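FYI, it's all coordinate maths here, none of it is from the lab. Because the structure is a prediction, the values reported are computed rather than measured. As a convention, Cβ positions derive from the backbone with ideal geometry for all residues, glycine included, and neighbour counts pool all protein chains shown.
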Ligand SMILES: Cc1cc2nc3c(=O)[nH]c(=O)nc-3n(C[C@H](O)[C@H](O)[C@H](O)COP(=O)(O)OP(=O)(O)OC[C@H]3O[C@@H](n4cnc5c(N)ncnc54)[C@H](O)[C@@H]3O)c2cc1C
């Protein structure tokens, strides 16, 4: 397919989903323009995945660099889409591309909805993760965690936060607060290796004694559950701090307790029991409350999409077409849909965490991007008129100039890469040097790139 015959597709977001869609669509010969909020590509592969996972991060980075070298891939970082941002959704859709794919992830924060959640020492997991991965806007912000941190959640993100707290912050104690029981834990057994050397085994045994009758009532044998739970503490990464980690099960935070300076001093917790629900269980509050002391609280309970972007939104998600098409993958699942008009938004698609917030690992987001590209290909196949990438790019640059935006292309990324490598002796706690402010990055980029 020559450049003039190809369709032009805009992909908003350069995380694993957007870059997978870009790879498939560019391979099919289309011209792909990527617009990304962050200067750097990668999304949570750059700013979410734990810094010490060097092999995973390095492999993805290499693959993404290769993609961005393709002639028919046009990268522009530092371009945020949304009301009052560099471009609105309507402006992006009006640039003349044949299709626009939104893969902007789940950038919203789930409302915690408990009294006291604005106290000092209450954090959202995503902000903490962005902080230790040095995302601009978060990297240099102070995150005063105190000595005893309660992390609400039982998934991989809870483990990542605990990992950072034990290995780098070296706090005294981390307690994972879990609504249901140990059987219902959600983290991957491999992930717990990063913190299992810090486990307070006596404390965990005592916690099992506290909840054993409630486990037995739903047919869970407490001894067997304890064994299965602690058997996963193998191949532990060596401990590098005195931090102790424990668990508090069958517990729902109801209120954040604060001191006279509005600083967290604890949680009011409700005890839960488990009730069977089909093959699963459900937590039921016992209306028995107690105080749990801690200095800070991190909510690691998943994210929602950013409803302020300007895409149709409902209940934490951007809305997609509810009417099945029967194709495989089903086109409807990826088509943006406006419930107020009952219409599909022609040529606008969603993939990755922008389609299903907080769903799965990089592989799942990549597969979603691949599937979305198949759906977009079908759409483009039925669309006669093709676009001219030069015209779309000219319009885009004109708009960005009007807004005094400072987009960063692949040459700029190369200059940034060189600059960051030259600082590699000055690594901070995360093991690689990263500028944590856009201004610093832009200084190097605009000096060195053409
Ligand atoms: C703490 C944490 C740890 C994880 N660890 C692992 C792991 O170890 N292994 C693993 O396989 N998976 C891991 N994951 C999951 C993995 O990161 C996600 O599955 C994946 O990154 C989702 O990809 P995405 O492209 O949908 O979204 P994202 O990765 O979030 O990418 C979204 C992109 O959109 C851009 N963007 C956002 N808003 C806008 C906007 N308004 N305008 C323009 N661009 C925008 C962002 O700059 C970003 O580049 C982890 C996730 C988290 C949160």
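A few comments on the model shown:
- Length gained on full extension, residue 390 to residue 235, computed as 0.36 nm times the residue gap minus the Cα-Cα distance: 50.4 nm.
- Highest-fluctuation residue, 147, 277, 61 considered, GNM on the chain with Cα pairs under 10 Å: 277
- Spatial extent of the range 300-450: Rg and Dmax, with the Cα atoms as the point set, Å: 19.9, 56
- Fewest-first ranking of 74, 30, using other Cβ atoms within 10 Å as the exposure measure: 74, 30
- Ordered by the count of other Cβ atoms within 10 Å of each Cβ, fewest first, 308, 22, 166 give 308, 166, 22.
- Against the main long axis of the alpha-carbon atoms of the chain, helix 362-381 sits at an angle near 30°.
- Between the C-alpha center of the range 281-356 and that of the range 129-158 there is a gap of 23 Å.
- Cβ-Cβ FRET estimate between residue 370 and residue 212, R0 fixed at 60 Å, reported to 0.05: 0.85
- Estimated D of the range 1-147 in µm² per second, where Rh is the Kirkwood radius over Cα pairs and Stokes-Einstein applies at 25 °C, 0.890 mPa s: 145
- Rg/Rh (Cα only; Kirkwood hydrodynamic radius) as it applies to the range 1-72: 1.02
- Binned Cα-Cα distance frequencies in the range 65-207 - 5 Å width, integer %: 2, 7, 13, 17, 15, 12, 10, 9, 8, 5, 2, 1, 0
- Remark on the chain: Rg and Dmax equal 23.7, 70 Å (Cα only).
- The percentage of C-alpha pairs in the range 302-363 whose separation is greater than 16 Å is 44%.
- For the range 111-301: rounded, prolate or oblate by the Cα gyration tensor [a/c cutoff 1.5]: oblate
- Fewest-first sequence of 377, 31 by Cβ atoms within 10 Å of each Cβ: 377, 31
- Restricting attention to the chain, close to 40% of DSSP beta bridges with both partner residues there are antiparallel.
- Whole-Å distance, taken between Cα centres, linking the range 105-125 and the range 1-61: 29
- Cα-only radius of gyration and Dmax that characterise the range 125-211, units Å: 13.6, 45
- Beta bridges from DSSP with both residues in the range 111-301: antiparallel share about 45 percent, rounded to the nearest 5.
- Modelled spin-label separation between residue 437 and residue 418, with each label point placed 7 Å from Cα along the Cα-to-Cβ direction: 2.4 nm.
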